[in-house]
Amino acid sequence: MLFDTHVHLNADQYENDVEEVIERARKAGVSEMVVVGFDEKTIKKAMELVDSYEFIYAAIGWHPVDAIDLNEEYLQWIRQLSSHEKVVAIGETGLDYHWDKSPKEVQKDAFRKQIQLAKEVKLPIIIHDRDAHQDIVEILKEENAEEVGGIMHCFGGSIEIAKECLKMNFYISFGGPVTFKNAKRPKEVAKEIPLNRLLIETDAPFLAPHPYRGKRNEPEYVKIVAEKLAEIKEISYEELAKSTTENAKKLFGIN
Ligand code: NI
């Protein structure tokens, strides 16, 4: 059984066939998924999905690229929705220095507000970090994010950054990039992460694993990520699947 901790089944890319995509994931052994909503439209869609499928859970937050659009009303709306029993995390939030739609200071402010919200409602945080490793770690420290912990989603940082995050009660999650032939660092970092702090994800429809790189990703491919991580960790596929599923359930408070 596999737990895809980060999937966007709420994306436009699945508008016409989300039921088939979910069916294929189930057949591949995906027992649970967390659908991540990161703006008004995708949060609404995530909430519809959790009500339609008992094995789907939601994370809700505001993406750093769109931080400039996060206002008090949206924040209040996320706070209210977070009391839904199937909302298991706040996010994805974080910092993204690759795109410049939202200035850095605006992103940082939105990030801090969402960490504060997560602590208030006692949910873990899902972190999106693109080219912003050091600032992410600093803000997590300053805001005492370790109180709730969370996930470094699709982790692409160094082993030093990973260790800082582990110290703050964060889990490290790997997706498609760990399977890319030229991806040395994620493989080296994954090898060092203790098995009890490791998670798997797809981030579908983005970041499809090898050999589907560049195509639409699907949650069924989390199996490919699990196979690669088992190989890297030199353990059986079954053990990798069991540990990462247990880790996800523990973090999200799912029985
Ligand atoms: Ni995502």
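The values are calculated or read from the model by the stated rules, or taken from the named source; none is laboratory data. Because the structure is predicted, anything quoted here is derived from the model rather than measured. The area values use the complete protein model at the heavy-atom level, side chains included, leaving out ligands, DNA and RNA. Shrake-Rupley method; radii C 1.70, N 1.55, O 1.52, S 1.80 Å.
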Exercise for the section: Equivalent ellipsoid semi-axes for the range 74-145, as square roots of 5 times the alpha carbon gyration tensor eigenvalues: give them largest first, rounded to whole Å. Expected result: 22, 13, 10
Exercise for the section: Just read off the accessible area of residue 185 with the full protein assembly in place, 1.4 Å probe, to the nearest 10 Å². Expected result: 110 Å²
Practice task
Over 25 Å between C-alpha atoms is what I'm after, so list which of 119/184; 27/228; 191/223; 86/119; 27/242; 113/233 land there.
Solution key: 119/184; 113/233
Fill in the blank from the handout: For the range 2-252, the per residue accessible area (1.4 Å probe, Å²) is 44 Å²
Problem - Solvent-accessible ranking of 122, 41, 86, largest area first, probe 1.4 Å - result: 122, 41, 86
Handout entry: Gyration tensor over alpha-carbon atoms, the chain, equivalent ellipsoid semi-axes in Å
Key = 25, 21, 17
Exercise for the section: Starting at the first residue of the range 32-39, write each ³J(HN,Hα) from the Karplus equation 6.51 cos²θ - 1.76 cosθ + 1.60 with θ = phi - 60°, in whole Hz, x for Gly and Pro. Expected result: 9, 9, 10, 8, 9, x, 9, 7
Handout entry: Percent accessible area from carbon and sulfur atoms, the chain, protein chains only, probe 1.4 Å
Key = 47 percent
Problem - Chain lengthening between residue 1 and residue 231 when straightened (0.36 nm per residue, less Cα-Cα) - result: 81.1 nm
Fill in the blank from the handout: Stretched fully, the stretch from residue 239 through residue 80 gains (0.36 nm per residue minus C-alpha distance, one decimal, in nm) 53.5 nm
Problem - Probe 1.4 Å, all protein chains present, accessible-area order of 136, 224, largest first - result: 224, 136
